[in-house]
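*Asks:* One structure coming up, written as structure tokens, with questions to follow.
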Amino acid sequence: MAEIAVIFYSYTGHTRALAQKKAKKLNADLFELQEAKKRSKVNAFLAGSLAAIRNKPAHLSSPVPDLSGYQKIVLLCPIWAGHLAPPANNVIEALPSHKEVQVFAVSASGDSSGSRDMTIARLKAKGCTAVQYQDVKSSNIS
């Protein structure tokens, strides 16, 4: 087992590409979250965005992996309506305390400033340390 876990959700594939690069660079274990039912674009935009704003978890095809054996967790997720997509909420809820967490928020605009402070506060409430929170423009991922 590596010291670092990279865990991600990707709707279009941009976040997956970045997660794979990060895992390789960090020599980390890589975990992909998948929703139980693939969302249509309309559902992702409407219901998914509302769930993201409300910090609601997603219905995943399998539970969040046990992250207790890792020192650092790297979470990558797309931004929906300025907030991390619902699968990120599953990860935050499942985080064990005393972990260092890096968050990469991926979107076309590269702006999740509306939810940054709230996400960091939620990580702190779990007893984790947010060591980095970075917005990433999907157009910069190659």
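The values are calculated or read from the model by the stated rules, or taken from the named source; none is laboratory data. Since the structure is predicted, the reported quantities are computational estimates derived from the model, not experimental observations. Positions of Cβ are generated from backbone atoms using ideal geometry, with glycine treated the same way; all protein chains shown enter the neighbour counts. The protein model used for the area step is the full one, side chains on, heavy atoms only, and it has no ligands, DNA or RNA in it. Shrake-Rupley method; radii C 1.70, N 1.55, O 1.52, S 1.80 Å.
*Asks:* Residue check: is Val64 assigned to a strand (DSSP E or B), at pLDDT 95 or above and either closer than 15 Å to Tyr133 by Cα or not polar (S, T, N, Q) (or both)?
*Replies:* For Val64, the condition - assigned to a strand (DSSP E or B), at pLDDT 95 or above and either closer than 15 Å to Tyr133 by Cα or not polar (S, T, N, Q) (or both) - is not met.
*Asks:* Any residue in region 113-129 that is within 22 Å of Met1 (Cα to Cα) and either more than 12 Å from the chain's Cα centre (by Cα) or not charged (D, E, K, R) (or both)?
*Replies:* Yes, region 113-129 has at least one match.
*Asks:* Looking at the structure I just gave you, is Lys56 of a type in the set (Lys, Arg), open to solvent by 70 Å² or more (accessible area, probe 1.4 Å) and part of a loop (DSSP other than H, G, I, E, B)?
*Replies:* Criteria met by Lys56.
*Asks:* Within region 16-37, identify whether any single residue is open to solvent by less than 20 Å² (accessible area, probe 1.4 Å), modelled with pLDDT of 95 or more, in a strand (DSSP E or B) and touching a helix residue (DSSP H, G or I) at 6+ places or on another chain (Cβ under 9 Å), and answer yes or no.
*Replies:* yes
*Asks:* Step by step: first the residues of region 61-70, then only those that are out of contact with any strand residue (DSSP E or B) (no Cβ under 6 Å at 6 or more places or on another chain) and not hydroxyl-bearing (Ser, Thr, Tyr), then the one that is nearest to Gly114 (Cα to Cα). Which residue is that?
*Replies:* So, considering only residues that are out of contact with any strand residue (DSSP E or B) (no Cβ under 6 Å at 6 or more places or on another chain) and not hydroxyl-bearing (Ser, Thr, Tyr), the one nearest to Gly114 (Cα to Cα) is Val64.
*Asks:* Could you pull out the residue among Ala105, Ala81 that is within 21 Å of Lys137 (Cβ to Cβ) and touching a strand residue (DSSP E or B) at 6+ places or on another chain (Cβ under 8 Å)?
*Replies:* Going through Ala105, Ala81 in turn, the sole match is Ala105.
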